[in-house]
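The structure under discussion appears below in the form of structure tokens.
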Amino acid sequence: MSLDTVPTGWLVAGGGVLALGAGAALYPVWRRYRARRALLERIRAVATAYLQDVLLPDGNEGWFHVDFLLLTGAGIVVIDLRDLPGLIFGSEPMTEWTVMHKHQRSTFPNPLGPLYDRVAVVRGLAGDGVPVEGRIVFTDRGTFPKGHPRAVTRLGSLTTELPPLGSLGSEAVLSRLGPAWERLTAAASPSPLRRR
């Protein structure tokens, strides 16, 4: 049977089925993209300027990957982003933290030590007198039923801890911390370790 003898209705119906199949296959990808974009916008909203997925030199011929560097009213903030669903149990002295999700239990290394290393590198590059702090930011898919260390927060709490400044506040931050931010920007290079 040639294409000339196939009724036009069948061709249209076949094309419609193919389009629906492609749409169904691409919908989860689109949803993940939109969710990821919304998550990144929530992080960027608290910053006057930001760097994402960069490598910073550690001063010993090595490099540290940094998920986000934010220039905020509180100073420069190093963000280590984690997306773990479930109940998370961890404290400062624990070697491993635990995640319980559905009927599964897993552990991961305490993320605070590497965060403190990244903060030290950023302090060294930013210069004396520049306020630098770090946060492990968990997405809202994870909860801490027993509390969490001070340097740990959830994405939903980030705007409370680091409120957006608006344009006038942003100008003041840039005039005060601009030289330090320029040093960090000059030292940073794109990271091949991008987790997203």
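Of the listed requirements (1) touching a helix residue (DSSP H, G or I) at 6+ places or on another chain (Cβ under 7 Å); (2) in contact (Cβ under 8 Å) with a residue 60 or more places away in the chain; (3) under 30 Å from residue 60 (Cβ atoms), residue 155 misses just one: (3).
Among the residues here, residue 109 does not qualify as surrounded by fewer than 17 Cβ atoms within 10 Å (Cβ to Cβ) and at pLDDT below 95. Here the range 167-196 is the region considered, the condition is being among the hydroxyl-bearing types (Ser, Thr, Tyr) and surrounded by fewer than 12 Cβ atoms within 10 Å (Cβ to Cβ), and the residue that is modelled with the highest pLDDT is 189. Considering the range 83-103, the residues that are of a type in the set (D, E, K, R) and in contact with a helix residue (DSSP H, G or I) (Cβ under 9 Å, 6 or more places away or on another chain) include one that is surrounded by the fewest Cβ atoms within 10 Å (Cβ to Cβ), namely 92.
Within the range 48-71, being in contact (Cβ under 8 Å) with a residue 60 or more places away in the chain, of a type outside the set (Gly, Ala, Ser), outside any strand (DSSP E or B) and surrounded by fewer than 20 Cβ atoms within 10 Å (Cβ to Cβ) holds for one residue alone: 58. For the range 30-47: of the residues being aliphatic (A, V, I, L, M) and assigned to a helix (DSSP H, G or I), which is modelled with the lowest pLDDT? Applying the filter and picking the extreme gives 35. Of everything in the range 143-166 that is touching an Asp or Glu at 6+ places or on another chain (Cβ under 8 Å) and surrounded by 14 or more Cβ atoms within 10 Å (Cβ to Cβ), the residue that is farthest from residue 89 (Cα to Cα) is 155.
The values are calculated or read from the model by the stated rules, or taken from the named source; none is laboratory data. Predicted model only: the values in this text are computed from it and were never measured. Cβ: placed from backbone, ideal geometry, glycine included. Neighbour counts: every protein chain shown.
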